[in-house]
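Here is the structure we will look at.
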Amino acid sequence: MRLVSLLPSATEIVYSLGLGDDLVGVTFECDEPPAARSEKTIVVGGRDTRGMTAREIDSYVRAQLAAGADLYTLHARALADLRPDLILTQDLCRVCALPSGQVEDALGYLGCQADVLSLDPHSLDEVLDSILAVGQRTGVPERATRLVGELRARLARTATAVAGRRRPKVAVIEWVDPPFTAGHWIPDLVTAAGGEPVAARPGAPSVPVSWADIATAAPELIVVAPCGYHLSGSIEQAGAVARALPGVPVWAIDADGIVVRPGPRLIDGVEAFASILHPDAVPAAPPAAVQLVTAPG
């Protein structure tokens, strides 16, 4: 089966199911594993936002959406030339990837007969279900079942380790200028790690709020997880959070790696959150996963 992934998270799922050799097309953001972007055909491009501030990126995205313009460029002819059997895409967030309807319209125009599977999880359980869906559609349901079983076993081990402990109040910041709450599956990661998510929207899109709104939720610690950034970028942006919410411990986390992409590595995210919240109960997170940026003075 010839597969095309229009989502970094779907690319990770494909490789986790041992289907990397079947993958023929990806997006410019598919960087895990690195071979995906270097060895496969890029069928979706987008603006390089390196060097832009968080405010500049937010303003650019708002302007594009208000004008009805696209944030991503579908290389439709290149996609059709790959002759895919199945395309993995989404309708969850226009800022994260191309919507499936746009892909289907392009395929219809080009006469390409590929099937399209839209992955739109809103919760951690639905993320795991999406792995099963990909396994079913690609003919490897037993691999998907085994993988999800392993991921659920890791969640169970974390739950056992933190059971009965006090749950600290945690605010996860998905964007810093302006600040955005944590939405969709991210509050589930905090809960699974033994925390209480506050200033959050479980199962719903992240929305802009004020720093006062976050302060009113009385978080005991802040985790900075800006969409589109790994740990180094999160650390850079955490300073603004520390200035806005003085006196609250601020942590940075590898957002793109283990928090914001709905794929198998979200379980790494749960374990990383648990290492922050209950360091005496679970193993320490890898150095590239989390870092304490400011502690209350």
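The values are calculated or read from the model by the stated rules, or taken from the named source; none is laboratory data. What you see is a predicted model; the values in this text were computed from it and never measured. As a convention, Cβ positions derive from the backbone with ideal geometry for all residues, glycine included, and neighbour counts pool all protein chains shown. These area figures cover heavy atoms from the full protein model, side chains too; ligands, DNA and RNA do not enter into them. Shrake-Rupley method; radii C 1.70, N 1.55, O 1.52, S 1.80 Å.
One table, with the values for the structure above:
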read-out: Selection count, the range 178-200, where residues are under 12 Å from the mean Cα position of the chain (by Cα), within 19 Å of Val241 (Cα to Cα) and not aliphatic (A, V, I, L, M); value: 1
read-out: Every pair of residues 6+ apart whose Cβ atoms lie under 7 Å, when the first sits in the range 112-135 and is more than 17 Å from Arg152 (Cα to Cα) while the second is of a type in the set (Lys, Arg) and buried (at least 16 other Cβ atoms within 10 Å of the Cβ); value: Leu117/Arg137
read-out: Residues within the range 135-162 that are among the polar types (S, T, N, Q) and open to solvent by less than 60 Å² (accessible area, probe 1.4 Å), tallied; value: 2
read-out: Filter result (of a type outside the set (Gly, Ala, Ser) and crowded, with 19+ Cβ neighbours inside 10 Å) within the range 163-184; value: Val170, Val172, Ile173, Glu174, Trp175, Val176, Pro179, Phe180, Thr181, His184
read-out: Entirely in the range 225-297, the helices (runs of 4 or more DSSP H) that have 1 or more residues that are within 22 Å of Gly51 (Cα to Cα) and either more than 12 Å from the chain's Cα centre (by Cα) or not β-branched (Val, Ile, Thr) (or both); value: 231-244, 255-258
read-out: Pair list, Cβ under 8 Å, 6 or more apart: the range 72-90 residue without any contact (Cβ under 8 Å) to a residue 60 or more places away in the chain and closer than 22 Å to Pro121 by Cα, other residue in a strand (DSSP E or B) and among the aliphatic types (A, V, I, L, M); value: Tyr72/Val44
